[in-house]
Amino acid sequence: MLISFSVSNYKSFKDKATLSLEKVPKQKDLSYSLIKRKYGKEKKEILSTSVIYGLNASGKSNIISALNTLVRIINRSHVRNSNSFIGDPASSSLELIPFQFLDEIRPTVFCLEYATETHCYVYELSVELGSFNDEKFERFINSESLRVDGSLLFQREQNEVDFSLSEKDGARNELVKELARKSLKDDELFLTNGFKNIVNKELADDFLLNIRKRLHVICHADLFKASFFAPKSEEIVFDYYGLSEIKRIFGLKNDLKYYSPAGEDTGTLYSCANGKPVLPVEQFESYGTVRFLRMYPVILDVLKNGGELIADEFDASLHPNVVFSLISIFHNDEVNTKGAQLVFNTQNPLYMTKTAFRRDEIKFVEKSREDGSSTIYCLADYGTSGSKGVRKGEDYMHNYLRSKYGAIEDIDLIKLFK
């Protein structure tokens, strides 16, 4: 479960920006949108959904990009570049990360607060990446730390690592510190290269496996895609749970089935006639229908496993009624039984209603005209009193379009085209 994510010196975010999914105090609307958990003595109330608004180029995609980059770095176990990227070049070419208009070199700092079924983790990573687009800078990890249920497990400063162990573990502490000093490379994570192997594999696996299996970060609408594996030796036409219901909801005439030709180990979704594959859905159905068909298995997996779906352009090409229904699923305790979460950005103000989202679930990203830096804030930050207060009964969408909440401005393209 994602509780919060912070980043600084990442693309348009010069200073620290925080995407928080923790309930804002005194917010009482849509109580069914809260996931309640207890870790030790601490009780947490976490939002099941959130929506992010902002102009084009405001930076609302960058907060999702930053979370994706941290997940990719954790999976790689280092801050070296990768030869492959999926939808977001900065996650593989890290020289694209630093804020472009800085006068001095600053570290990029990530902080992820994440809860599993048993523990609440806070992982912080500070990386020296040089200045923007500097491919030759010798990167290194400035600091790294992990807290579990409020207790510090390790704190790293470059290649010096300290642990919060009992006095009887003092000798072990010194041994691990010496191993880290000798074997840990400047650009490698201690979390995956040392902590897991020689300190506490159980806690490391609990944190890392949940991040890898449950946290789904989608940086582009077209990246929603699920693969289905089949034996290479034979031709297979197989169904997938829910395809017939999707056909009914969208009024499709042809059946939908996955088809795997002999010799191939993955199935492709086809429109079928008389039970036989005719054409891949991309060549036959509308783009909006194809998008939903691609999203469906991913959303189903998130709901079944209590995961998190953080998606850029989640609602692209989907009718608002479809999106409203998907939002309501994450608020429905009878369907969302595992505490799954949905966070997405959008340009569509129709979702900015008190029946769809709580005030603390509506986020805004705004970019400064002066230095090009982005800030992120929440509708609940305005409070309920005064001339700028946001009251429960007011029309959020109308006030947003009137620029009451910022993160919007008039766009006049007449001069451009004239």
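Remarks
- Among the residues of segment 12-23, those identified as part of a loop (DSSP other than H, G, I, E, B) and either within 21 Å of G406 (Cβ to Cβ) or not charged (D, E, K, R) (or both) are S12, K14, D15, K16, L21.
- V127 vs. criteria among the hydrophobic types (A, V, I, L, M, F, W, C), open to solvent by 10 Å² or more (accessible area, probe 1.4 Å), modelled with pLDDT of 95 or more and at negative phi: no
- Hey, F154 part of a loop (DSSP other than H, G, I, E, B), modelled with pLDDT of 85 or more, surrounded by 14 or more Cβ atoms within 10 Å (Cβ to Cβ) and more than 21 Å from the chain's Cα centre (by Cα) or not: no
- Subset of segment 30-63 (residues that are closer than 19 Å to N210 by Cβ and not charged (D, E, K, R)): I35, Y39, G40, I46, L47, S48
- Residue check, V343 out of contact with any Gly (no Cβ under 7 Å at 6 or more places or on another chain), over 30 Å from Y10 (Cβ atoms) and aliphatic (A, V, I, L, M): no
- Total residues in segment 15-39, condition in contact (Cβ under 8 Å) with a residue 12 or more places away in the chain, under 12 Å from H331 (Cβ atoms) and open to solvent by 30 Å² or more (accessible area, probe 1.4 Å): 1
- Of all residues making up segment 165-199, the number that are surrounded by fewer than 17 Cβ atoms within 10 Å (Cβ to Cβ), modelled with pLDDT of 80 or more and assigned to a loop (DSSP other than H, G, I, E, B): 3
- Number of the condition not met by V335 [criteria: (1) touching a helix residue (DSSP H, G or I) at 6+ places or on another chain (Cβ under 6 Å); (2) buried (at least 18 other Cβ atoms within 10 Å of the Cβ)]: (2)
- Residue-level analysis places L94 among those that are surrounded by 15 or more Cβ atoms within 10 Å (Cβ to Cβ) and within 30 Å of L203 (Cα to Cα).
- The residue that is nearest to S126 (Cα to Cα), counting only those in segment 1-14 that are touching a Gly at 6+ places or on another chain (Cβ under 8 Å), of a type outside the set (G, A, S) and open to solvent by less than 20 Å² (accessible area, probe 1.4 Å), is F13.
- Odd one out for A356, checked against (1) part of a loop (DSSP other than H, G, I, E, B); (2) open to solvent by 40 Å² or more (accessible area, probe 1.4 Å): (2)
- Matching option when the condition is surrounded by fewer than 16 Cβ atoms within 10 Å (Cβ to Cβ) and either out of contact with any helix residue (DSSP H, G or I) (no Cβ under 6 Å at 6 or more places or on another chain) or under 21 Å from V302 (Cβ atoms) (or both), among P277, P261: P261
- For F314, the criteria (1) under 30 Å from K232 (Cα atoms); (2) open to solvent by less than 10 Å² (accessible area, probe 1.4 Å); (3) not aliphatic (A, V, I, L, M) hold in every case but one, which is (1).
- A Cβ distance below 7 Å, combined with a sequence gap of six or more or placement on separate chains, defines the contacts here; from segment 56-78, residues that are closer than 13 Å to I310 by Cα reach residues that are basic (K, R) in the pairs N62/K11; S65/K11.
- Taking segment 24-124 as the region of interest, the strands (runs of 3 or more DSSP E) fully inside it that hold 2 or more residues being more than 22 Å from K367 (Cβ to Cβ) and among the acidic types (D, E) are 42-47.
- Qualifying positions in segment 373-387 - open to solvent by less than 70 Å² (accessible area, probe 1.4 Å), in contact with a Gly (Cβ under 9 Å, 6 or more places away or on another chain) and touching a residue at least 40 places away in the same chain (Cβ under 8 Å): S373, S374, I376
- Restricting attention to segment 205-245, the residues that are open to solvent by less than 20 Å² (accessible area, probe 1.4 Å) and in contact with a strand residue (DSSP E or B) (Cβ under 9 Å, 6 or more places away or on another chain) add up to 8.
- Only listed residue being over 30 Å from L34 (Cβ atoms), touching a Gly at 6+ places or on another chain (Cβ under 9 Å) and of a type in the set (A, V, I, L, M), chosen from I105, I73, I86: I105
The values are calculated or read from the model by the stated rules, or taken from the named source; none is laboratory data. Fair warning: this is a prediction, and the values are worked out from it, not measured in the lab. Glycine also receives a Cβ, built like all others from the backbone with ideal geometry; neighbour counts cover every protein chain displayed. Just the protein is used for accessible areas: all its heavy atoms, side chains included, with ligands, DNA and RNA removed. Shrake-Rupley method; radii C 1.70, N 1.55, O 1.52, S 1.80 Å.
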